[in-house]
Amino acid sequence: MLVYLVRRLASTLPVLVVVSVFVFAFVHALPGDPARLEAGPEASPADIEAIRKDMGLDGPIWSQYLRWAGNTVQFRLGRSTKTRQPVAEVIGERFMPTLWLTVVAMIWATIVGVSIGVLSGVRRGRWQDRTVMVLAISGVSFPSFWMGLLLIDLFSVRLGWLPTGGYGTWKHFVMPGFTLGLAVAAVMARFTRSAFVEIMAEDYVRTARMKGVPERLVAWKHTLRNALIPVITLTGLQFGFLLGGAVVIETVFSWPGLGRLLVDSVSFRDYPVIQAVIMLFSLEFVLINLTVDVLYAVANPEIRLK
Amino acid sequence: MLRRTLLMLGVALPFAAGLAPAARAAGDVVVALDANIIGLDPADLNDNLSMTASRTMLQGLYGFDKDMKMIPVLAESTDASADAMTYVIHLRKGIIFHDGAPFNAEAVKTSFDRARNPDNHLKRASLYAPIDKIEVVDNDTVKITLKYPFGAFINNLAHQAYAISSPKAIAEFGKELGRHPSGTGPYKFVSWGTDTLKVAKNEKYWKPGLPKVDSITIRSMPENGVRLAALQAGEAQYIYPMPPELVRVVEKDPRIDVVSARSIYARYVAMNNMRKPFDNPKVRLAMNYAVDKNAFLKVVYGGYGVPLDSPLPSNLSGYTKQGSYPYDPAKAKALLAEAGLPNGFETVLWGGNSTLSQRAMQFLQQQFAAVGVKVAVEPLESGVAAAKIWNVKTPEEATTMMHFTAWSASTGDADWGLRPLLDGGAFPPTLFNTAYYSNPVVNDAIKAGLTTADPAKRQAAYDIAQAQIWKDTPWIFLISDDNVSAKTKTLSGIYVLPDGQMLMEEAELK
Amino acid sequence: MSATLAQPPSAAIRTPIGEFLRRFRRQHLALIALAVLLALVLSAVFAPWIAPYDPATPDYASVLDGPSAAHWLGTDAYGRDILSRIIWGGRVSLSVGFLSVALGGMVGIVIGLISGFFGGWLDGALMRLMDVLLAFPGIILAIGVVALLGPGIDNVIYSIAVFSVPVFARLVRGTTLALKQSLYVQAARSIGVGKMALMLRHILPGAMPGVIVYASLRLGTSILTAASLSFIGLGARPPSPEWGAMLADGRSFLGVADHLTLFPGLAIFVTVLAFNILGDGLRDALDQKLR
């Protein structure tokens, strides 16, 4: 296990290198000159040239890459070209709000989603199954900004219970956390149900059923373990997605998250911030996937870690 | 389901309690705006929102009152030479910066020299370009000598880019000045974090009786409807912009006032005057007749605004009314036929990708279709727009056909309302003449206006320019929309200037 | 016949399609969903004959009117008939869903199968590539695509397809890993069934229920993603009546004219819901092991 972990971690290094090249190339391939955007329409060509130099955008592209990569390895992320704030600070300010919102959304969505899924799977085909599944699916079928705006209208304007947005007390988490988790809960519910139903029908489970109680218990253990696989996959994926920030929900709820930061940075072509944020996301994903692969093995020892 | 969420959040979020800001202090005003503050170093800003934030703390020698009339602020008076080359400025006495440094001639020189030093790479250095040297005459007098005559120089002094930072802060923070602003303004810097700026009352403010509130918090709320919801819910006391289409929601709300005021925004469609078919004046004229400006105002801006009747908006100094191109599709069709295009033509309309901009372009598309002109609407993402417009070395390379855009002259003066947009020397990448319009009469007039400080001569020059441009129709002259904001009835003293910046010095809660 | 190995003997007697239909008929909710979707598809196909008005013609005399006899679902900010726009918009929104999922799903399935089946360095390489794609936020990818290729619905479809690929790939790989160890695949392998046949006949069918469930979800998600793209100004070009664009556009009038968001929102909601319920039903009916 330990060997596996070390090897997996080592194997992520080339991924990060590939990501860095990809990100750098992507950012620089986007049409739009950051110096021009920074300077605004009133600026003179001389101003813009000066800004470009200041941004380190002079010289051949490969040397720019090497300079950036070299600095990044040493955690010198530079300054935002837009606000001139250190990139680490820009990201730092928004990382925690993003993480907490993700955690809140994931927790409620996983608990509710998996419970609905299990209930549905066990009561498959009965009215309980249909009702809870239609409910769960309804959650995922709402366009999130519409849902968000309706919630704000109800809970902030009409009832005055919750703030319209921003980051602060637990009250600020309720609506964005709920909206963000809604889609996840539905996905979790359906996958849990699916996995449950499918594996309940597996040969060994049916055999166990026919043979009587003790083996049935064994089979249940198997069932749960196997059912867990897609649920784990999905939890990992969803967690990664949500950590990437949700620009729509962050915009609606004025949430200081990474999604909005990234989209704003792209429209300003704020290269240092875009690059650093995407590198951070890659790192998160790599770590999450590693965790997922390890959990596979925990859930089902038949899947060996090679 | 919601109740369960609440319960769960209560369990999952004990940590959140620590993050809670204390309940709003009495006398704290929350102003919700539509974007994020980018910086607080006035010499390094080019967006209205950041300049608004900066204005709460930093002041210039001159400034604007709420109607954007230029007024002396830290200056008492100025003696300009007849050739518009030297300006002797007498300073107000006895003022100190937030950090305790005294305001004097030396401070002015330090602040200006820093802003215009090319090594500092500040975005507004170009506004300082006319300055040759700054001399300290005595403790309360500075003399500024220009490189060339510039009649509108005092207008530059009123620009927020000329706001004066404390020499102590400049020495102490250097490049970090934008995160540690220190000026002479009514409010002192407290904190600037994600999406939120907080400033507090300057107890030693030089204007007696001001400021009247303890603090101001500026919050960024990008979504229009949510900004309004925050006002309705009492989380914000002032919101700008107030989406005009939603005015009906709060019109009857006894707690809320909607405030609108003329702006100096000119919204127009630049037609590429060097490209067929827009090189034909008849086609350009036809396009002007093809658009119903009043309907445009109603559909896009909720009726808040006025049609343009000159290339300059009516609120800008130097404006002279020219006339109107009333909605007349039959005439437009006839003009197109005269131009050899009886069946219309096809072209592309560029513009921004905001909801409002897309709504405007969609409306224009419908209007053009009615006279047989098929327009493909292309909403451009900001970076792409910049690339398409600026990555052009010569006018021949330009692919612009029609460009829906807007301008507000940040100096509040006719020169900056015309020269960047319509001077023959202002083609991209130099400036913003995306109409690629050049008429010697206009070019000469703009130059004449620039090289004198005599108001009468300047007005005469701008009259000539406006008349010629109106006749040549390089643009489709659309509208000047109002600045619409909304506030709680208990709040007064916050004003939106015609250029979209705001004044908060006199804010007061009743 | 190696294929029968994977199936219980009874299934070999009935034809697979007959068996599927027999089971599907028992899914009443799914049948309703299918009927709803068929109606939507038909109305989109026959839009020119069904829609009472032209979807792009403005009428400034009746702007933002609520539902009435003349305009059943009211009119929008330009006085265009909302019902007609929803009917025409079905063409755009349904195509966005189908095309992006078909494109992204196919690529993802192939990658997932290969990755899970062969394992080793190929698996490592492919999955790391998927990690790169996953880590790259979808919205940013979409901004990139739109910035490079220009605005428009085709590019919206490509963007959405690209960010569906890695999820399909990881999903299929996960199941492939599990099925590879399963009794029937081991058995098939032991009697010398080829790799292609193993993948396509034995593992792929096993992975299909998962894929179908996900694809049905994804169809809905794609339509929702298109709406999100419109929300940030990167969606369909005006005057396209794509539902997401209508919804994003109409949100400016929430509180003044709620029907501008209500009806496109409902259209999206019903469609996404129907896709999901249908997917569920299909899954149950497709699963050969269920009784």
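A few points about this structure:
- Yes/no for residue B:249 being open to solvent by less than 10 Å² (accessible area, probe 1.4 Å) and either assigned by TED's automatic domain parsing to the domain that holds residue B:417 or modelled with pLDDT under 95 (or both): no
- From the options A:157, A:140, A:122, residue that is closer than 30 Å to residue C:283 by Cβ, modelled with pLDDT under 90 and open to solvent by less than 60 Å² (accessible area, probe 1.4 Å): A:140
- Contact annotation: residue pairs with Cβ atoms under 6 Å, 6 or more positions apart or on different chains, pairing a residue in the stretch B:186-198 that is in contact (Cβ under 8 Å) with a residue 40 or more places away in the chain and more than 13 Å from every other protein chain (Cβ to nearest Cβ) with a partner that is surrounded by fewer than 24 Cβ atoms within 10 Å (Cβ to Cβ) and small (Gly, Ala, Ser), are B:188/B:200.
- Filter pass, residue C:200 being aliphatic (A, V, I, L, M), more than 19 Å from the chain's Cα centre (by Cα), within 14 Å of chain A (Cβ to nearest Cβ) and part of a helix (DSSP H, G or I): no
- Failed criterion for residue C:257 (all others in (1) within 10 Å of chain B (Cβ to nearest Cβ); (2) at pLDDT 85 or above; (3) open to solvent by 10 Å² or more (accessible area, probe 1.4 Å) hold): (3)
- Residue that is nearest to residue B:442 (Cα to Cα), among those in the stretch B:455-469 that are open to solvent by 40 Å² or more (accessible area, probe 1.4 Å) and of a type outside the set (Asp, Glu): B:464
- Residues of the stretch A:95-151 that are closer than 16 Å to residue A:235 by Cα and over 20 Å from the mean Cα position of the chain (by Cα): A:115, A:116, A:117, A:118.
- Residues satisfying the criterion are present in the stretch C:209-227 (criterion: within 14 Å of chain B (Cβ to nearest Cβ) and part of a helix (DSSP H, G or I)).
- Applying the criterion of being touching a Lys or Arg at 6+ places or on another chain (Cβ under 9 Å) and open to solvent by less than 20 Å² (accessible area, probe 1.4 Å) to the residues of the stretch B:436-451, the residue that is farthest from residue B:81 (Cα to Cα) is B:436.
- Any chance residue C:105 is at pLDDT 85 or above, in contact with a Phe, Trp or Tyr (Cβ under 9 Å, 6 or more places away or on another chain) and either open to solvent by less than 20 Å² (accessible area, probe 1.4 Å) or within 7 Å of chain A (Cβ to nearest Cβ) (or both): yes
- Out of C:244, C:235, sole residue that is at negative phi, crowded, with 24+ Cβ neighbours inside 10 Å and part of a loop (DSSP other than H, G, I, E, B): C:235
- Output for the stretch C:260-274, where each listed residue is open to solvent by 10 Å² or more (accessible area, probe 1.4 Å) and farther than 30 Å from residue B:228 by Cβ: C:273
- Among the residues making up the stretch C:115-131, a single one is free of Cβ contacts under 8 Å to residues at least 40 places away in the same chain and buried (at least 20 other Cβ atoms within 10 Å of the Cβ): C:131.
- Candidate set from the stretch B:199-224 (those that are facing another protein chain (nearest Cβ under 8 Å) and of a type outside the set (A, V, I, L, M)); member that is most open to solvent (accessible area, probe 1.4 Å): B:224
- Scanning the stretch C:66-83 for residues that are within 14 Å of another protein chain (Cβ to nearest Cβ) and in a loop (DSSP other than H, G, I, E, B) returns C:66, C:76, C:77, C:78, C:79, C:80.
- Elements of type helices (runs of 4 or more DSSP H) contained in the stretch A:1-99, each with 3 or more residues being within 10 Å of another protein chain (Cβ to nearest Cβ) and open to solvent by 50 Å² or more (accessible area, probe 1.4 Å): A:2-29, A:45-54
- Note on the stretch C:132-162: residues that are more than 12 Å from chain A (Cβ to nearest Cβ), surrounded by fewer than 19 Cβ atoms within 10 Å (Cβ to Cβ) and part of a loop (DSSP other than H, G, I, E, B) total 1.
- Matching residues, the stretch B:349-366, being more than 9 Å from chain C (Cβ to nearest Cβ) and over 16 Å from residue C:59 (Cα atoms): B:349, B:350, B:351
- From B:128, B:87, residue being over 25 Å from residue B:502 (Cβ atoms) and among the aromatic types (Phe, Trp, Tyr): B:87
The values are calculated or read from the model by the stated rules, or taken from the named source; none is laboratory data. Just so we're clear, the structure is a prediction, and the values are computed from it rather than from any experiment. Methodologically, a virtual Cβ is constructed for each residue, glycine included, from the backbone with ideal geometry; neighbour enumeration extends over all protein chains shown. The accessibility values were calculated without ligands, DNA or RNA, using every heavy atom of the protein model including side chains. Shrake-Rupley method; radii C 1.70, N 1.55, O 1.52, S 1.80 Å.
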